[in-house]
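The values are calculated or read from the model by the stated rules, or taken from the named source; none is laboratory data. For clarity, every value in this text was computed on a predicted model and none was experimentally measured. We place every Cβ from the backbone using ideal geometry, glycine too, and count neighbours over all the protein chains shown. For accessibility, only protein heavy atoms count, side chains too; no ligands or nucleic acids. Shrake-Rupley method; radii C 1.70, N 1.55, O 1.52, S 1.80 Å.
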Amino acid sequence: MLSKYFKSSLLKEIAAKTGTPTYVYSQAAFLKQVGAYKKAFKGLDPLFCYAMKANSSGALCALAAGEGWGADVVSGGELYRALRAGFEPGKIIFSGVGKTPDELAYALESGILFVNAESFEEVAELERVARRLKLRAPLSLRLNPDVDPHTHKYISTGRLGSKFGVSFEEAQKIYMYAAESAHLRPVGAHFHIGSQVHSAAPYGLAAGRLAAFMLRLASRGINLKYADAGGGWGVKEGGEMEDPAALARELGAVFAGTGLKLLLEPGRSVAAPSGLLLTRAIYRKASGDKNFIIADAAMNDLVRPALYGAKHPVELVGGGRGERRRWDIVGPVCESGDFLAEGVTLPEPAPGALLAIYSAGAYGMSMSSQYNSRPRAAEVLVTGPASWKVIRRRETYADLVAAEVK
Ligand code: LLP
């Protein structure tokens with residue numbers, strides 16, 4: 001189980017010193033996922049660009065950068081954090097469907113590897129910005145390979161009819177246009193079929209279509225260097241990442257020996273297993289046939305259960321001797337959708353008991369808000385068997401109003 005990275009005694013100490021709710025990450029676990037990717041893809045030697053949206057904490061990003069990884073950013077804010085965390089600009093790519101002219105200018109001035117553009121209008125804007133800056137923008141297009149990744153509809157992105165990417169037909173026209181432009185330099189092609197994908201087969205399908213398209217482009221004199229297969233590799237129900245060797249086999253079957261430089265944009269699979277949300281049970285109550293644990297963490301801290309029906313493994317820290325029963329773990333936010341887990345079997349927790357919500361290192365803190373004027377949680381990094389540090393302090397009431405103007 002994941003808890004081998006998070007000893008109960010350490011979690012109790014962290015809760016006592018920093019309070020709750022607190023996100024706790026394990027450096028060893030994070031580096032283990034990074035290492036597993038490197039090992040699985042050894043023969044292919046891809047550039048890994050950590051998808052910062054999963055968790056943009058400077059401390060975690062610095063770990064990825066220290067392993068030679070680049071970053072996949074989707075906003076000016078993420079680019080700012082990526083540069084601050086120490087990612088080399090030449091290993092940063094900029095994805096997303098709606099980059100503003102200011103964001104494009106920031107990316108070009110920073111000297112990033114390339115922009116993954118998603119429409120002709122965006123490419124035209126990129127060209128205008130590049131002209132103004134007197135440079136040539138490195139361009140990649142996000143292709144929509146029309147592949148079903150079999151995941152939740154909110155995070156499925158690889159089918160035609162979604163807002164993401166462009167069709168192969170349209171892409172060909174855009175590449176031909178870009179190749180003629182003095183301010184655009186077509187360098188790559190990209191797909192990202194979705195997130196929390198459990199099978200490598202859809203990647204193989206999308207990669208095959210991408211490679212065939214790149215070959216057709218080459219026959220028209222446009223030789224791209226980078227093939228970017230996006231992120232999306234899933235995490236199993238228990239919280240561990242799916243074996244990346246399966247993904248490496250599918251992508252290797254298409255790209256090995258092509259001379260193309262493969263890129264990957266993993267986010268969740270690296271960050272999710274590396275973190276948990278530590279929360280304290282405040283009260284217990286029963287209603288109808290349900291038993292509730294009211295915790296001090298809520299949907300503003302971890303929205304995934306409410307938004308996607310995500311199921312995160314939960315444990316009582318240090319176990320418990322009480323009678324085992326089914327519980328709904330809910331937060332203090334004034335909405336019935338505010339739950340962290342539903343119907344989980346746990347020993348009855350004493351008031352004040354600590355709960356660990358696992359596999360919360362990705363899309364937990366990064367999607368958190370101050371809803372109900374709840375200051376955001378603290379973040380802690382466990383750096384060794386008995387060592388840890390606060391990497392982001394708990395927000396205060398003053399932080400809630402810090403940006404308000406009188
Ligand atoms: N690259 C692109 C272009 C993406 O849009 C995403 C995620 C990734 C890479 C990283 O995907 P990952 O390896 O993390 O699956 N909030 C949702 C997930 C949204 C994913 C959005 N795009 C959740 O909590 O499940």
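Among the numbered conditions (1) farther than 28 Å from Gly161 by Cα; (2) open to solvent by 10 Å² or more (accessible area, probe 1.4 Å); (3) out of contact with any Pro (no Cβ under 9 Å at 6 or more places or on another chain), the only one that Val97 does not meet is (1).
Can you give me the number of residues within region 211-239 that are in contact with an Asp or Glu (Cβ under 9 Å, 6 or more places away or on another chain), at pLDDT 95 or above and more than 13 Å from the ligand (Cβ to nearest atom)? Quick ask: steps written out before the conclusion?
Applying the first criterion (in contact with an Asp or Glu (Cβ under 9 Å, 6 or more places away or on another chain)) to region 211-239 yields 228-236.
In the following step, the residues that additionally are at pLDDT 95 or above were identified as 228-235.
In the following step, the residues that additionally are more than 13 Å from the ligand (Cβ to nearest atom) were identified as none.
Of the residues in region 211-239, 0 are in contact with an Asp or Glu (Cβ under 9 Å, 6 or more places away or on another chain), at pLDDT 95 or above and more than 13 Å from the ligand (Cβ to nearest atom).
Any chance region 140-163 includes a residue that's touching a strand residue (DSSP E or B) at 6+ places or on another chain (Cβ under 6 Å), away from the ligand (no atom under 13 Å from the Cβ) and open to solvent by less than 10 Å² (accessible area, probe 1.4 Å)? Scanning region 140-163 turns up no residue that is touching a strand residue (DSSP E or B) at 6+ places or on another chain (Cβ under 6 Å), away from the ligand (no atom under 13 Å from the Cβ) and open to solvent by less than 10 Å² (accessible area, probe 1.4 Å). For region 282-315, the set of residues classified as buried (at least 21 other Cβ atoms within 10 Å of the Cβ) and either outside the structural domain of Gly364 (by TED's automatic domain parsing) or within 22 Å of Tyr5 (Cα to Cα) (or both) consists of Ala297, Asp301, Leu302, His312, Val314, Glu315, listed by residue number.
Between Leu251, Leu262, the distinction of being touching a Pro at 6+ places or on another chain (Cβ under 6 Å) and either within 16 Å of the ligand (Cβ to nearest atom) or closer than 18 Å to Gly43 by Cβ (or both) belongs to Leu262 only.
As a summary of the residue check, Glu109 satisfies the conditions (1) more than 16 Å from the ligand (Cβ to nearest atom); (2) surrounded by 19 or more Cβ atoms within 10 Å (Cβ to Cβ); (3) part of a helix (DSSP H, G or I) except for the one numbered (2).
For Leu133, state whether it is open to solvent by 30 Å² or more (accessible area, probe 1.4 Å) and either within 16 Å of the ligand (Cβ to nearest atom) or of a type in the set (A, V, I, L, M) (or both).
Details: open to solvent by 30 Å² or more (accessible area, probe 1.4 Å): yes; either within 16 Å of the ligand (Cβ to nearest atom) or of a type in the set (A, V, I, L, M) (or both): yes.
In short, yes.
Can we say Ala281 is in a helix (DSSP H, G or I) and either under 28 Å from Asn55 (Cα atoms) or among the acidic types (Asp, Glu) (or both)?
Criteria not met by Ala281.
Looking at this structure, is Glu103 more than 16 Å from the ligand (Cβ to nearest atom) and in contact with a strand residue (DSSP E or B) (Cβ under 8 Å, 6 or more places away or on another chain)? When the stated conditions are applied, Glu103 does not pass them. Here is the figure for region 199-239: residues that are surrounded by 17 or more Cβ atoms within 10 Å (Cβ to Cβ), within 23 Å of Arg268 (Cα to Cα) and not aromatic (Phe, Trp, Tyr) total 15. Out of (1) buried (at least 21 other Cβ atoms within 10 Å of the Cβ); (2) more than 16 Å from the ligand (Cβ to nearest atom); (3) without any contact (Cβ under 8 Å) to a residue 24 or more places away in the chain, the odd one out for Lys4 is which? All conditions are met except number (1).
Out of the residues in region 15-24 that are assigned to a helix (DSSP H, G or I) and more than 12 Å from Ala356 (Cα to Cα), which is least open to solvent (accessible area, probe 1.4 Å)? Don't jump to the end; show me each part of the working.
Just the residues of region 15-24 that are assigned to a helix (DSSP H, G or I), to begin with: 15-18.
Among the residues that remain, those that are also more than 12 Å from Ala356 (Cα to Cα) are: 16-18.
Details: Ala16: 82, Lys17: 148, Thr18: 28 Å².
That would be Thr18.
On the basis of being crowded, with 19+ Cβ neighbours inside 10 Å, within 14 Å of the ligand (Cβ to nearest atom), not in a loop (DSSP other than H, G, I, E, B) and not assigned by TED's automatic domain parsing to the domain that holds Met367, does Asn116 make the cut? Even if it seems obvious, please write down each step before you answer.
Numbers: crowded, with 19+ Cβ neighbours inside 10 Å: yes; within 14 Å of the ligand (Cβ to nearest atom): yes; not in a loop (DSSP other than H, G, I, E, B): yes; not assigned by TED's automatic domain parsing to the domain that holds Met367: yes.
Taking the combined requirement at face value, the residue satisfies it.
For region 75-83, the condition of being within 16 Å of the ligand (Cβ to nearest atom) and touching a Lys or Arg at 6+ places or on another chain (Cβ under 6 Å) holds for none of the residues.
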